[in-house]
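Worksheet: one structure, shown below.
The values are calculated or read from the model by the stated rules, or taken from the named source; none is laboratory data. Bear in mind that the values here come from a model prediction, so they are computed numbers and not experimental data. We place every Cβ from the backbone using ideal geometry, glycine too, and count neighbours over all the protein chains shown. Remember, those area values only see protein heavy atoms, side chains included, never the ligands or the DNA or RNA. Shrake-Rupley method; radii C 1.70, N 1.55, O 1.52, S 1.80 Å.
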Amino acid sequence: AAFSGLSKTALPGMTTLSVAIFAAVLPAKASTGALLLLLIVGDVFALLSYRRHAHWPTILRLFPAVAAGLVLGALFLAFADDSWVRRTIGIILLALIGITLWRRHAPRLRAPRRRPPDPEASDRSASPGAQVVARIGYGTLAGFTTMVANAGGPVMAMYFLAARFPVKAFLGTAAWFFAVVNLVKVPISVGLGIITPS
């Protein structure tokens with residue numbers, strides 16, 4: 001629970017540890033629901049800290065792809081048993097750790113570029129088609145991973161870092177993005193029996 005709070009206001013990667021610990025000590029589907037409610041509490045604090053720094057055009061452009069990912073994740077949870085959910089959470093976490101390590105240690109293939117003045121200008125070097133493909137890919141993957149494992153944070157962090165968001169815009173955009181997505185996930189999780197009164 002403490003890692004969940006830290007992940008929302010200071011260290012986004014801590015969510016990965018929370019997901020792993022919750023899935024280790026609770027049934028996999030129940031862990032997803034319990035952690036979602038804690039993350040929503042964390043979202044309140046993230047919004048109190050960074051609410052003024054969101055870049056809304058980015059959030060709005062991502063939502064169609066994220067919605068598709070949420071639907072895919074909900075379908076998976078509707079038909080998968082607990083052991084499959086546990087395995088999938090493990091695969092997602094291992095993949096995210098692997099990608100993070102690869103990005104951190106891969107040689108820099110291009111020279112560093114100056115930071116743009118705003119996120120809207122973040123990737124003018126990429127073609128519009130490449131931007132759309134990246135948005136759809138990251139958005140769908142984020143929707144699926146956040147629905148199944150509450151692990152969409154690292155995926156969106158990669159997207160925001162690739163867009164070279166300034167730090168406060170990164171934190172504010174992520175805060176609003178996950179506050180909205182997590183609230184959308186609540187009725188889906190209740191409908192799937194993942195969140196129950198007990």
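What angle do you read, to the nearest 10 degrees and between 0 and 90, between the alpha-carbon axis of helix 167-191 and the longest principal axis of the chain?
Around 30 degrees separate the two axes.
Give me the dipole magnitude in Debye, nearest 20, for the chain about the Cα centre, with unit charges on the beta carbon: positive for Lys and Arg, negative for Asp and Glu. Walk me through the intermediate numbers first.
Values: 19 positive and 6 negative charges, 165 e Å.
Dipole about the Cα centre, nearest 20: 800 debye.
With the contact rule set at Cα under 8 Å and sequence spacing of 6 or more, what percent relative contact order holds for the chain? If you can, show how the numbers build up before the last one.
Numbers: 229 pairs, mean separation 71.9, N = 198.
After rounding, I find 36 percent.
Please give the helix 128-149 orientation as an angle from the longest Cα principal axis of the chain, in degrees from 0 to 90, rounded to the nearest 10.
20 degrees
Of [x] 15.8; [y] 11.1; [z] 13.2, which one was derived for mean projected area of the Cα convex hull in nm² from the structure shown?
Structure-derived value, by its label: [y].
Do you know the relative contact order of region 1-108, to the nearest whole percent, from alpha carbon pairs under 8 angstrom that are 6+ apart? Let's see the in-between values first.
On the way: 54 pairs, mean separation 31.6, N = 108.
Taking the mean separation of contacting Cα pairs over the length of region 1-108, I get 29 percent.
Any chance you could give the angle, 0 to 90 degrees and rounded to 10, that helix 28-50 forms with the longest Cα principal axis of the chain?
40 degrees
So which lysines pass the test for residue 168, namely a Cα distance under 21 Å, with those fewer than 8 places away in the same chain ruled out?
8
Can you list the HN-Hα couplings for region 78-90, worked out from phi with the Karplus curve (6.51, -1.76, 1.60; θ = phi - 60°), rounded to whole Hz and with x for Gly and Pro?
Running phi through 6.51 cos²θ - 1.76 cosθ + 1.60 with θ = phi - 60° gives 5, 10, 7, 7, 4, 5, 5, 5, 4, 4, 5, 4, x Hz.
For a Förster distance of 25 Å, can you work out the FRET efficiency between the beta-carbons of residue 100 and residue 186, rounded to the nearest 0.05?
On the way: r = 28 Å, r/R0 = 1.12.
Between residue 100 and residue 186 the formula returns 0.35.
Of 190, 25, 148, which has the most accessible area and how do the rest follow, probe 1.4 Å? List each step's numbers first, then the result.
Numbers: 190 75, 25 110, 148 0 Å².
Sorted descending by solvent-accessible area, the residues read 25, 190, 148.
Residue 56 accessible area, nearest 10 Å², 1.4 Å probe?
Result for residue 56: roughly 100 Å² accessible.
Roughly how far apart, in whole Å, are the Cα centres of region 168-198 and region 29-86?
Here the answer is 4 Å between Cα centres.
Note down the accessible area of residue 92, probe 1.4 Å, to the nearest 10 Å².
Using a 1.4 Å probe on the heavy atoms, I get roughly 20 Å².
Starting from the Cα of residue 75, step 7 Å along the direction of its Cβ; do the same at residue 136; then give the gap between the two resulting points in nm.
Here the modelled spin labels are 1.6 nm apart.
Bin width 10 Å, alpha-carbon pairs only: give the P(r) of region 17-109 as whole percents, running from 0 to the bin holding the largest distance.
Distribution as computed: 13, 30, 39, 17, 1 percent.
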